[in-house]
Amino acid sequence: MTALVQGVGVSDAVARVLAARGIDALMAEDFLRPTLKSLMPDPSTLVDMDLAAARIAAAVDAGETIAVFGDYDVDGATSSALLTRFFRSIGVAISVYIPDRRLEGYGPNVPALLKLREQGAKIVVTVDCGISAFAALRAAKEAGLEVIVVDHHKADVALPDAAAVVNPNRLDDASGQGHLAAVGVAFLLAVAVNRRLRADGWYARKGITEPDLRLLLDLVALGTVCDVVPLKGLNRAFVVQGLQIMGRGGNAGLTSLARVARIDAKPTAYHLGFLLGPRVNAGGRVGEAGLGTRLLSTDDADEAAGLALRLDEFNVARKEIEAAVLHEAIEQVESAGASDDPVIFAVGKDWHAGVIGIIAGRLRERYDRPACVVALDGGMAKGSARSVNGVDFGRAILGARDAGLLFSGGGHAMAAGFTVTEDKIAELIAHVQAEVRRQLQGEALAPSLAIDGALAVSAVTADLVAELECVAPFGSGNDEPRFAVLDALVSKADVVGSGHVRCFLTGRAGGRLKAIAFNSADSELGHMLLTAAGRRLHLAGCIRADTWQGRTEAQLIIDDAVLSL
């Protein structure tokens, strides 16, 4: 840590955080000040990227119709909008197709692809999907439609029959960019196509000025954060640079969405993941699947305002549906009693397929274990899973698919989705439990909190909050720093809002600190805090700014607590 403090010039607290993340003095510059110049790879390092770029550039030059087939989540919406904006910036209109989650399910399907062919499309670029769409892409080829797959989900040894398959998670791809979200891969594709058009002299012949692709990074940042991919390397540069672009307000859709989400501060990864992302997702979950892409693609301020309001309304509806399904899922899990199974499964009839991914995430958070939620609907079922560090759920689902247990399925380490016939659910559960046990190699899953350092109450200040900002953005692979605050005397504790426990703390050497444990009033942690007045605790949590009436102080967000002996 001495090298970090002396060589990089960071404080002792920041040095501890960097060291805990394996960042040494040589790596610190790229981590603290990530730039595309230092971290952006040559797109050609991805297998099939040059092939895809050459075919798309040829289509642009020949005036062939290009269509994009995207996913209905934030990663898919941002990927689709990014390509729409790129092509529009060079005077090329493309069509976009986003499937309905409930009626069509995930990924390319034969009727949709044939419809695009009938509408004149010569090439379809799939984004955030396609790597496992073997039958659909085979049918498309037979119909004379060329498909270019742009995806990031885990790939099998066998690849779909496509004109090009661009996926850094291909087994034969050595680019080292497997951590990218689909929108990051789509950005690299735009860079590659732009470069090919320049090399072919297309811009010069047409008298068109090359677009500034950096203006698309706000979309890359949004999709990267919301797809919960690791915020390391290029992803970190994408988000840092993208937040700066977003702060300029150039995207009418993002500006309108920030307005309805009541964001009046400089955008952060938190705003992307918890305020903007859920609203973009709401269209695909409980409303109209293509609304998110339309919002992020439009330059019309009035249209953007209307779409943002509709997505906000769908988000309210999503929360209501989510609350009802979550209640049933928790009841089901807890009525089943204790189990040694490593994965939590909840299966329900007529659960809305649009919220099962969120419910899986809620169950994972509640029980500190991988969780899978399955919605039954007329003999078929759709499932969504969320995992924890150390358990690769994407591998488990691919294995189940290879074993013939799934109608379709795929994903990555931390999240997966699938479709299964109702009669195969029991076999699927047994298969997944066995695969996860194999991955754990006899180790039991145990909840844990990573701690970046220990502090006295007096050391938790607004200055410390400001110092820690250089480690942001926070997210997967770069968790928000968590500290142990030692020997804190609870002078007062009460319930505020909808079940949050607020505390006021003082330290042995002085100092006063406000703290809060969200949604904890009915939990063991909440009970401890509410009955701890006059006692000393060791607390673990994150330190954030608390701004009120123009004054900023530090606040501890409590994750756990134990009595000080």
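The values are calculated or read from the model by the stated rules, or taken from the named source; none is laboratory data. Note that the structure is a prediction, hence the values are computed from the model and not measured. Quick reminder, even Gly has a Cβ in these numbers, built from the backbone with ideal geometry, and neighbours come from all protein chains shown.
Tabulated values for the structure
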| item | result |
| --- | --- |
| Matching entry among Glu427, Glu469 (being of a type outside the set (Lys, Arg), out of contact with any His (no Cβ under 6 Å at 6 or more places or on another chain) and either farther than 30 Å from Arg551 by Cα or at pLDDT 95 or above (or both)) | Glu427 |
| Residue within the stretch 128-136 that is in contact with a Ser or Thr (Cβ under 8 Å, 6 or more places away or on another chain) and closer than 21 Å to Thr293 by Cβ present | yes |
| Selection status of Lys122, assigned to a helix (DSSP H, G or I) and charged (D, E, K, R) | no |
| All positions within the stretch 125-150 that are out of contact with any Pro (no Cβ under 8 Å at 6 or more places or on another chain) and hydrophobic (A, V, I, L, M, F, W, C) | Val125, Val127, Ala135, Ala139, Ala143, Leu145, Ile148, Val150 |
| Lone unmet requirement of (1) surrounded by 16 or more Cβ atoms within 10 Å (Cβ to Cβ); (2) of a type in the set (D, E, K, R); (3) in contact (Cβ under 8 Å) with a residue 40 or more places away in the chain; (4) under 24 Å from Ser448 (Cα atoms) for Lys382 | (4) |
| Selected residue [over 24 Å from the mean Cα position of the chain (by Cα) and in contact (Cβ under 8 Å) with a residue 60 or more places away in the chain] from Asp71, Asp48, Asp24 | Asp48 |
| Filter result (touching a Gly at 6+ places or on another chain (Cβ under 6 Å) and either without any contact (Cβ under 8 Å) to a residue 24 or more places away in the chain or loosely packed, with under 15 Cβ neighbours inside 10 Å (or both)) within the stretch 514-556 | Asn519 |
| Among (1) part of a helix (DSSP H, G or I); (2) surrounded by fewer than 21 Cβ atoms within 10 Å (Cβ to Cβ), the one test that Leu254 misses | (2) |
| The listed residue being without any contact (Cβ under 8 Å) to a residue 60 or more places away in the chain, acidic (Asp, Glu) and outside the structural domain of Gly534 (by TED's automatic domain parsing), out of Glu469, Glu435 | Glu435 |
| Pairs, first crowded, with 21+ Cβ neighbours inside 10 Å in the stretch 394-406, second part of a loop (DSSP other than H, G, I, E, B), C-beta under 6 Å, six or more apart | Gly394/Lys154; Gly394/Ala413; Leu398/Lys154; Ala400/Leu406 |
| Selection count, the stretch 124-174, where residues are within 18 Å of Asp75 (Cα to Cα) and surrounded by fewer than 20 Cβ atoms within 10 Å (Cβ to Cβ) | 1 |
| Only listed residue being outside any strand (DSSP E or B), more than 21 Å from Gly283 (Cβ to Cβ) and of a type in the set (A, V, I, L, M), chosen from Ala360, Ala338, Ala323 | Ala338 |
| Extreme residue, farthest from Asp100 (Cα to Cα), among residues of the stretch 260-310 that are charged (D, E, K, R) and assigned to a helix (DSSP H, G or I) | Asp302 |
| Those residues of the stretch 391-414 which are assigned to a helix (DSSP H, G or I) and of a type in the set (Asp, Glu), in sequence order | Asp402 |
| Test for Asp463: is it touching a residue at least 60 places away in the same chain (Cβ under 8 Å), among the charged types (D, E, K, R) and surrounded by fewer than 17 Cβ atoms within 10 Å (Cβ to Cβ) | no |
| Hits in the stretch 18-63 - residues which are among the charged types (D, E, K, R) and closer than 26 Å to Glu210 by Cβ | Lys37, Asp42, Asp48, Asp50, Arg55, Asp61 |
| Qualifying residues in the stretch 29-75 (those that are among the charged types (D, E, K, R) and touching a strand residue (DSSP E or B) at 6+ places or on another chain (Cβ under 8 Å)) - the one modelled with the lowest pLDDT | Asp71 |
| Selection status of Arg101, over 21 Å from Ala163 (Cβ atoms), in the same structural domain as Ala163 (by TED's automatic domain parsing), of a type in the set (D, E, K, R) and surrounded by 20 or more Cβ atoms within 10 Å (Cβ to Cβ) | yes |
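Every residue, every condition in (1) under 26 Å from Lys382 (Cα atoms); (2) over 25 Å from the mean Cα position of the chain (by Cα); (3) assigned to a loop (DSSP other than H, G, I, E, B); (4) of a type outside the set (Lys, Arg), yes or no:
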| site | (1), (2), (3), (4) |
| --- | --- |
| Thr78 | yes, no, no, yes |
| Asp100 | yes, no, yes, yes |
| Leu103 | yes, no, yes, yes |
| Tyr106 | yes, no, yes, yes |
| Ala140 | yes, yes, no, yes |
| Gly144 | no, yes, yes, yes |
| Ile148 | no, no, no, yes |
| Asp161 | yes, yes, yes, yes |
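Each row is one residue, and each column tells you yes or no for (1) closer than 23 Å to Leu405 by Cα; (2) within 21 Å of the chain's Cα centre (by Cα); (3) outside the structural domain of Ser498 (by TED's automatic domain parsing).
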site	(1), (2), (3)
Val325	no, no, yes
Glu328	no, no, yes
Ile356	yes, yes, yes
Ala360	yes, yes, yes
Arg366	no, yes, yes
Ala371	yes, yes, yes
Val374	yes, yes, yes
Gly379	yes, no, yes
Ser384	yes, yes, yes
